Structures are given as structure tokens and as C-alpha cells.
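Any read-out appearing in this document is the output of simple, stated calculations on the displayed coordinates, not a laboratory observation. Predicted, not measured: the structure shown is a model, and the values here were computed from it. Heads up, the Cβs are rebuilt from the backbone with ideal geometry, glycines too, and the neighbour counts pull from every protein chain shown.
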Amino acid sequence: MPFSLNSEQKQTVLWLAVGLVLAALLVKLGPVLAPFIAAGVLAYALNPTTDWLSSRQVGKVRMPRVLAVVIVMLLLLAAILALVLVVLPVMQKQIPLLQEQLPYALSRLNAALAPKLQELGIRVRLDGIGIKRIVSQYFATSGDEIWSTLLASAKVGGIAMLGWLATLSLIPVALFYLLLDWHAVVARMHNLIPRRWVGRATGFGKDVDGLLAQYLRGQLAVMLILAVYYSAALAIAGFDVAVPVGILTGILIFIPYLGFGLGLVLALIAAILQFEGLHGLLLVAGIYGTGQVIEGFFLTPRLVGERIGLPPLAVIFALLAFGHLFGFVGVLLALPASAIVAVAFRHLRTHYINSSFYRQT
């Protein structure tokens with residue numbers, strides 16, 4: 001007897017095929033969708049504040065939602081500007097000092113390392129004159145190749161920079177319209193769900209929403225604790241720029257590598273300018289090494305992982321796996337994505353336990 005599908009099964013196969021084609025198209029359009037995905041994440045995080053503002057009374061009428069959206073976006077812009085204003089004074093103060101102190105730092109480095117290198121048979125000067133000589137010799141032997149490489153890199157980098165600027169300029173536009181029409185967008189997505197799956201999809205969405213809210217609270221707690229730790233540790237060590245560098249490191253810690261790396265570089269520059277010898281560098285290494293251990297093995301697994309129902313080992317695996325699969329963006333979204341996957345597996349397990357396939361003896 002030939003295999004045949006009834007009308008309902010044909011409809012199911014058709015719409016599943018359409019869904020797979022749309023999913024493949026979205027994957028193909030990944031770079032184009034990046035600003036819209038970023039705006040969607042921001043809109044999800046900022047929508048509760050927008051709802052709260054739009055429910056307030058302005059005189060005898062409720063605040064228009066468009067005004068609430070404008071206020072929320074201005075607050076977000078003010079927070080970003082405040083972060084920039086924390087960094088700029090430090091950079092303006094340290095860069096001229098670095099230019100002034102760099103020759104002395106290189107001379108100290110040469111005095112400390114050159115004799116030990118000579119004992120190993122390596123004769124090199126690490127002060128300003130020696131480094132200039134090495135650079136000039138290198139450019140003299142392979143100058144044409146270096147210049148062609150630099151020009152090619154500048155061209156590629158310029159195109160990439162234009163792409164980043166275009167992406168950044170689209171994010172606030174998309175964010176404005178998503179915040180303005182957030183509930184309408186959610187309602188349209190809800191209406192697209194097949195009616196037989198509405199109950200399960202709604203329950204799944206509520207579980208994911210609760211987990212992501214806990215993730216955001218846990219991540220904010222990690223940022224606050226690390227900002228206090230780095231500021232206090234650098235202040236106790238005697239760094240003049242302890243507070244701005246510590247706050248910057250803690251606030252940006254949610255972006256893997258960037259917050260820690262930028263704070264570490266600023267602290268190392270401050271150590272070179274402020275302390276003699278290797279004393280300051282060792283202090284920075286101890287403070288930031290301890291901070292990484294505290295964050296990676298205690299704060300993130302306990303304050304973030306436990307809130308979203310993931311054990312510490314699963315948090316570490318998620319960071320490594322998503323980073324390997326999707327690079328920097330994967331590391332950034334590893335924990336919230338893992339929370340969604342965990343909810344999906346929980347619902348799948350419940351469905352499996354209640355199925356006749358499992359219960360049949």
C-alpha cells in the first residue's frame with residue numbers, strides 16, 4: 001500500500017518546509033540582521049522601564065508611549081556618555097605622561113634585561129635608541145612588503161569600520177521603533193503560533209522571560225561587585241586612577257575580554273607611569289589575576305549560573321562551546337542562549353515523561 005498523507009499532514013509538512021527555508025534565509029542574512037538583533041536585545045531589556053514610564057500620569061493624562069521611549073533612549077545615551085566621560089579623563093591624563101615617561105621606562109627595562117640577555121648570548125638594546133635601530137633595519141630589509149601589507153590592511157580595516165558605523169547608526173533607529181511597537185510586535189508573533197501550540201509556547205515564553213530577567217539581575221550584581229573590588233584593590237595598592245579604572249573594568253565586564261582587557265591595559269599604563277621597577281606591574285598582575293579567578297569560578301557561576309538554573313560546570317562549558325561556534329558574539333550571548341536551551345530541554349523532558357512512548361510497559 002503506497003504511503004500517503006492526509007490534508008492536515010500535508011499542511012504540516014508544507015509549513016515546516018516554509019519555516020526551514022525562512023530559518024536558512026535568516027542565517028544567510030546574519031550580518032544584515034546584526035543591528036536589528038542588537039536593537040531587539042536592548043528593547044527587551046528596556047521595555048519594562050518604558051512600560052512603567054508610559055503608565056505614569058502627566059497632569060491628568062497618561063504619558064504618551066512615544067515620550068516614554070524618547071526618555072528611555074536619552075537615559076541610555078546618558079549612561080553611555082557617562083561611561084565615556086569616565087574613560088576620557090584617564091586617557092587624556094595618561095597618554096601625555098606615557099609619551100613623557102616612555103624613554104625612561106625603556107631605559108629601566110634595558111638596564112634590567114639587557115645584562116641577562118647578554119649572558120644568554122643575545123646582544124640587544126631595549127632602550128629608545130636600540131628599538132629605533134631594530135625598527136629601521138626591519139623596514140629597510142622588507143619595506144616594500146610591509147607597506148603593501150599596511151595599505152591592504154588599511155583598505156580592509158576602512159571597509160570594516162564603515163560597516164561598523166552603519167551598524168551602529170541603525171541600532172538606535174531600530175530600537176526606537178521596536179520600543180514604540182513592542183507589544184504589537186509580541187502580539188503579532190503570538191498570533192503566528194499554531195493554535196494547538198499556543199498554550200505550550202506561552203508557557204515556554206514565560207519561563208524564558210523569567211530566566212532572562214534573573215540573568216540580567218545576576219549580571220548586574222557581578223558588574224557591581226567587580227567594580228567595587230577593582231576600585232578598592234587599586235586604591236589600596238596606591239593607584240591614582242583607581243576609581244575610574246576600577247569602575248570601567250567592572251561595568252564593561254559583561255562584554256567578555258573587552259572590559260577586563262581595557263581595564264588591564266589602563267592599569268598597566270598607570271603602573272609604568274607611577275611606580276619604579278616591576279613593583280606596580282606585579283600589583284596589577286595580582287589584582288587582575290585574582291579578579292579573573294573571582295569572576296570566573298565564583299561570581300559568574302553562582303550569581304548568574306545558579307539564577308538561570310545552570311551548574312558552574314555547565315556555565316564554563318556554555319562559554320567555551322558558544323565561543324568556539326560563534327566567536328565573540330557567541331561568548332556574549334552564551335549564558336542567555338543557554339538559559340533558553342535549558343528551558344527548551346526542560347519542556348521536552350516533561351513532554352517525554354508524559355508521552356505514551358515513555359509510559360508504555
Which FRET efficiency value, to the nearest 0.05, do you get for Ala45 and Arg349 by plugging their Cβ-Cβ distance into 1/(1 + (r/R0)^6) with R0 = 30 Å? 0.55
What FRET efficiency comes out for Val21 versus Thr202 if R0 is 22 angstrom and r is the Cβ-Cβ distance? Round to the nearest 0.05. 0.30
For the range 280-296, Karplus-derived ³J(HN,Hα) couplings (6.51, -1.76, 1.60; θ = phi - 60°; whole Hz; x for glycine and proline) come out as x, 5, 5, 4, 4, 4, x, 5, 6, x, 5, x, 5, 5, 4, 5, x
In nanometres, what is the gap between the two model label sites at Glu276 and Gln57, each 7 Å from Cα along Cα-to-Cβ? 6.9 nm
Estimated FRET transfer efficiency when R0 is 22 angstrom, pair Lys93-Ile294 (beta carbons, to 0.05): 0.20
The range 174-305, relative contact order in percent, only Cα pairs under 8 angstrom and at least six apart counted: 22 percent
The range 70-77 - phi-based ³J(HN,Hα) in whole Hz, Karplus 6.51/-1.76/1.60, Gly and Pro as x: 4, 5, 5, 5, 5, 5, 5, 5
